[in-house]
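What follows is calculated from the coordinates using simple rules that are stated; it is not laboratory data. These figures come from a predicted structure and were not determined experimentally. We place every Cβ from the backbone using ideal geometry, glycine too, and count neighbours over all the protein chains shown.
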Amino acid sequence: MIYLDHAATSPPDPAVVTKMLPFLTGRFGNPSEPHALGRQARADLDEARAGIAAALGAQADDVILTGGGTEADNIAVLGRCQGEPGRIVISALEHPAVTRAAESLAARGWTVAIAPVLADGQLDVMALGELVRPGDALACVMAASNVTGVIQPLAEAAAICAHSDVPLHIDAVQAAAGMDLDVGLLPGDVTLAVAAHKLGGPRGVGAVVGPGVRTLEPINHGGGQERGLRSGTENLAGAVALAEALRIRQGDDAPAERERRAALRDDLEQRLALPVAGGAAQRLPGHALLLTAYRGDTVVRLLDERDIAVSAGSACASGDPQPDPVLGAMGIDQTFARGAVRVTLGPTTTPEEIDALVAAWAEIEQGLDAAREASA
Amino acid sequence: MIDLSRAGTIELPDGAGSAGGGRCDDRVRFTLRLEGARLAEVRFGADACASTTAAAAWLAEAAEGRELLDAARLGLADVLAGTTIDSPECALTAVDALHAALGDAVVRGASLAADSHRVGIAMSGGVDSAMVLTGAVEEGHEAVGLTLRLWIDPSAPNPERACCAPSAVRAARDLCHAKGMPHFMLDLREDFRAAVVEPFVAGYAAGETPNPCATCNGSFRFDAIDAVASRLGCSEWRTGHYARLVERDGALLVARGADPDKDQSAMLALVDPAILARVRLPLGERIKRDVVAEAETKGLAAAKTPESQEVCFLGGGELAPFLERQGVELVPGPIVDEEGVELGTHHGAVAFTPGQRRGLGVSRGTDALHVLKVDAPANTVVVATLERLGRREVELRDVRLRVPCDRVGASFRVRAEPIPAAFEAHADGTATLLLDRDAFQVAPGQVAALYDGDCIVAAGVVAG
């Protein structure tokens, strides 16, 4: 299997697995207990927390471990909106972990303003500046789109929010594997969400990080762990794994690896010669959203039959294919939007795998053209 | 594995058919080339999701090389057994398209050698034809389901009530496939429009009250199915009408069905006797209630589908909006009595039928008023009390005389009590009926079924 769907989830990084394994066997203590095993667990957890903080430019106290990316986003969004209904602003690019949370607020009387996206796939920062008002409870801007991979103007967004004293939440779940993230460089009450499984780590662990966590209110209740924002016995193995994954993906060797990945991606795009969503903007290094003239899920199946895993830009679950709203917001024609195929490379991707995809594409393209022409 | 090697189009095909374009805009098209009765080549086109594309590719492979009848046995269950598909609903689009192409091949003239063992079954997707099919299969016949696709009016209030709605076609096909039998859908929408709907609309526009069911059964549906059944080598064909065939003096006559509440003999009044010779009516001796009960014990899903109704192409709707959808302009005009005194206004004279009381909205004293006459050129509806509607003398045109007769029971509506009458046929194809008592709802364009006892001995169209 040639795996080119790293944006969906990443293959486990052996270094991360090695680091995590002892905590799944002998070092199983509960960090809240005073005995030796508990004290050891506390020390290990503190170390992991410090590692996560260091990788993302945050203070260790400002790291809230969660059960994954979606929970991190929910804690950061809903934890900001526990009082009387007010107003929030979210970008048109957000993942359902943010948009659905916002919809739940709207259902409770909150006003949700949507900041538009430009044709190149970047947030319209001018529009964001006009939308964000003093008194807003929150603004949400994704670090990079999980659909197109386009990197968003975080510094500008943070400056706008800080100027109006509005907290900013950044969903960096997709971005953390492909760009430097330093929450310490951003002004204001910023929170940032990450998840381990996009970084070579396991499912079920993530974090909300940044000075903004200090003013969040809990959305679930229990033993008071994680500043009371995420009660429940800490996932120590997961925390260790997340710290190790971030150390690798955000570390000193990361830029060289990202450059190699971007070169492979650029090579692929050039050889396939298909339109690319957000191709003119700066994108995550291994990310390509190819706009084919066919149906995305048909292409995905044909490549799957050739042992190549990629992902469709839109899902047809109920006989009513909805092109991704992000592509609609970018003004991409529906015919191309429903033909979108997401190819995402990872640190393990090889040039030979790219060759294999190009060869498979050549094999199916002719048949797909014949089928489409004969359909009318 | 989706095999795209049969993606493409056959130039000058022997059959072509498409389906799709609905909510998800999937489109599938098949083209076929026949060598004798064998599908020598099958090509498909698909602009569609993975499930639909996979189904189309699989069907092209499965159908190629098969005999036409065997290809017509391919259905959804085969697709689901033969390939991995997430969404059966999507696969249906591909099955529909293949069957459209197979039906088209038959309409274009594909023919099979005669087989005494093979019978055609006219299928509507409802319970009656399901039982006719089952009976033929139980007798050991090769039963070939034949469903005509005659009319689609998506803007009708309830298009699924039309007798040839897509779901009805699929139901008929599924029934055949469940019995391992072939099914053909014959798309005759263009012909049906020209032969039945346009005369119906034109008749109304001229102020007549045409009976499209008799026209449809009498000269269109029966002709079409008979031609197709012959071409497919069927020794006979069967339909689920509640009517019987009786031989009298060497002539084959349509007679009333055994179920007085469901008798459909009048609908068959115009059917050509030459065709009747090849038709069987297995439900003629049956009571509908018993048929439905038996269908339920046999687990026939069709037993639960709603019955299509008379004038099925109205799609469960009213006449006036249908006429407007067909381009008949309805202009408000006067409702007058026989002296010309204006009593009110109508919304379009041609949408009214002699005898009609409902929807007039006018009164004269305490008299209940009915439509006496529709004067289409003057866009005027003339009303009168019921006794003024009564008439004794009725002129007929297009008369078909099955056996010589001078006394008949005249029926102008399906299941209406026949009125005893003297009958005199003229040499020019017209005839005169002298009724023993008043008939109140006789309108030009209606079909008069003329009975002697239970048998239809003559029929004609009311001229004036």
Original post:
Using helices alone, what [θ] at 222 nm do you get for chain A, with -39,500 (n - 2.57) per DSSP H run of 4 or more residues, divided over all residues and rounded to the nearest 500?
Top reply: -11500 deg cm²/dmol
**OP:** Could you pull out every one of the lysines with an alpha carbon less than 28 Å from that of B:Lys179, ignoring same-chain neighbours closer than 8 positions?
**Re:** B:Lys262, B:Lys288, B:Lys298, B:Lys304
Original post:
Amide H neighbours of A:Leu216 under 5 Å, counting only residues 5+ apart in sequence or on other chains, H built in-plane at 1.01 Å?
Top reply: none
Original post:
If the chain between A:Ser164 and A:Asp253 were fully stretched, how many nm would it gain, using 0.36 nm times the residue separation less the Cα-Cα distance?
Top reply: 28.3 nm
Original post:
How would you rank B:Thr9, A:Thr298, going from fewest to most other Cβ atoms within 10 Å of each one's own Cβ?
Top reply: B:Thr9, A:Thr298
Original post:
What average number of partner chain Cβ atoms lie no more than 10 Å from the Cβ of the residues making up B:56-63?
Top reply: 1
Original post:
Straight-line reach from A:Lys19: which lysines have a Cα under 20 Å away, not including same-chain ones fewer than 8 places off?
Top reply: A:Lys198
Original post:
With θ set to phi - 60° and the Karplus curve 6.51 cos²θ - 1.76 cosθ + 1.60, what are the ³J(HN,Hα) couplings of the stretch A:106-116 in order, to the nearest whole Hz, using x for Gly and Pro?
Top reply: 4, 5, 9, x, 6, 8, 10, 9, 10, 7, x
**OP:** Calculate the mean, over all residues of peptide B:21-30, of how many other protein chain Cβ atoms lie within 10 angstrom of the residue's Cβ.
**Re:** 4
Original post:
If one takes the longest principal axis of the Cα atoms in chain B, at what angle in degrees, from 0 to 90 and to the nearest 10, does the Cα axis of helix B:50-63 lie?
Top reply: 80 degrees
**OP:** Quick one: compute the contact order of chain B, relative version, from alpha carbon pairs under 8 angstrom and 6+ residues apart, as a percent.
**Re:** 12 percent
Subject >> Selection from B:Leu283, A:Leu236, A:Leu45 lying farthest towards where the dipole of the protein assembly as shown points positive, charges on Cβ >> reply: B:Leu283
Original post:
For the charge dipole of chain B, defined by +1 on Lys and Arg C-beta atoms and -1 on Asp and Glu C-beta atoms about the Cα centroid, which residue among B:Val196, B:Pro354, B:Ala16 has the Cα displaced farthest towards the positive pole?
Top reply: B:Ala16
Original post:
Picking from A:Val205, A:Val358, A:Val98, which is most flexible by a Gaussian network model of chain A using Cα springs under 10 Å?
Top reply: A:Val358
**OP:** With a 10 Å radius around each residue's Cβ, average the other Cβ atoms per peptide and rank B:403-414, B:419-430, B:445-456, highest first.
**Re:** B:445-456, B:403-414, B:419-430
Original post:
Kirkwood Rh, Cα Rg: Rg to Rh for the stretch B:330-387?
Top reply: 0.91
Subject >> Ranked list, fewest to most other Cβ atoms within 10 Å of each Cβ, for A:Met126, B:Met123, A:Met1, A:Met330 >> reply: A:Met1, A:Met126, A:Met330, B:Met123
Original post:
Ranked from highest to lowest mean number of other Cβ atoms within 10 Å per residue, what is the order of the peptides B:170-177, B:229-236?
Top reply: B:170-177, B:229-236
**OP:** Using the Cα centre as the reference, give the magnitude of the dipole from point charges on the C-beta atoms of the stretch B:311-397 (Lys, Arg: +1; Asp, Glu: -1; all else neutral), rounded to the nearest 20 debye.
**Re:** 280 debye
Original post:
What residues have an amide H closer than 5 Å to that of A:Ala113, excluding those fewer than 5 places away on the same chain, when H is modeled at 1.01 Å from N in the peptide plane?
Top reply: A:Ile88, A:Val89, A:Ile90
Original post:
Just how far, in whole angstrom, is the stretch B:1-75 from the stretch A:177-222 if you go by their alpha carbon centroids?
Top reply: 52 Å
Subject >> Nearest-ten-degree value, helix B:127-138 long axis tilted from longest Cα axis of chain B >> reply: 50 degrees
**OP:** Can you figure out the FRET efficiency of A:Glu156 with B:Arg358, using R₀ = 51 Å and their beta-carbon distance, to the nearest 0.05?
**Re:** 0.10
**OP:** Could you tell me how many degrees, from 0 to 90 and to the nearest 10, lie between the Cα long axis of helix A:236-249 and the main elongation axis, the longest principal axis, of the Cα atoms of chain A?
**Re:** 50 degrees
**OP:** Please work out how much length the chain gains when fully extended from B:Val341 to B:Glu417, using 0.36 nm per residue of separation minus the C-alpha to C-alpha distance, in nm with one decimal.
**Re:** 23.9 nm
**OP:** Note down the magnitude of the dipole of the protein assembly as shown about its Cα centre, charges +1 on Lys and Arg C-beta and -1 on Asp and Glu C-beta and zero elsewhere, to the nearest 20 debye.
**Re:** 1100 debye
**OP:** Specify whether the C-alpha gyration tensor of the stretch B:389-462 places it in the rounded, prolate or oblate class, a ≥ b ≥ c being the square roots of the eigenvalues: rounded for a/c under 1.5, otherwise prolate if a/b is larger than b/c and oblate if not.
**Re:** rounded
Subject >> the protein assembly as shown - convex hull of alpha carbons, volume per residue in Å³ >> reply: 229 Å³
Original post:
Across peptide A:295-301, how many C-beta atoms of other chains are within 10 Å of each residue C-beta, on average?
Top reply: 6
Original post:
Under the Karplus relation 6.51 cos²θ - 1.76 cosθ + 1.60, θ = phi - 60°, what is the ordered set of whole-Hz ³J(HN,Hα) values for the stretch B:190-206, x standing for Gly and Pro?
Top reply: 5, 5, 5, 4, 5, 8, 10, 6, 5, x, 4, 5, 5, x, 4, 4, 8
Original post:
Which order do peptides B:196-205, B:90-99 fall in by mean Cβ count within 10 Å, highest first?
Top reply: B:90-99, B:196-205
Original post:
In debye, nearest 20: dipole of the stretch A:62-129 around its Cα centre with unit charges on the Cβ of K, R (+) and D, E (-)?
Top reply: 220 debye
Original post:
In what sequence do A:His287, B:His241 fall when counting other Cβ within 10 Å, fewest first?
Top reply: B:His241, A:His287
Subject >> Helix-derived mean residue ellipticity, 222 nm - over chain B, DSSP H n ≥ 4, -39500 (n - 2.57), to 500 >> reply: -7000 deg cm²/dmol
Original post:
Using 1/(1 + (r/R0)^6) with R0 = 56 angstrom and r between the beta carbons of A:Glu363 and B:Ala205, what's the FRET efficiency to the nearest 0.05?
Top reply: 0.40
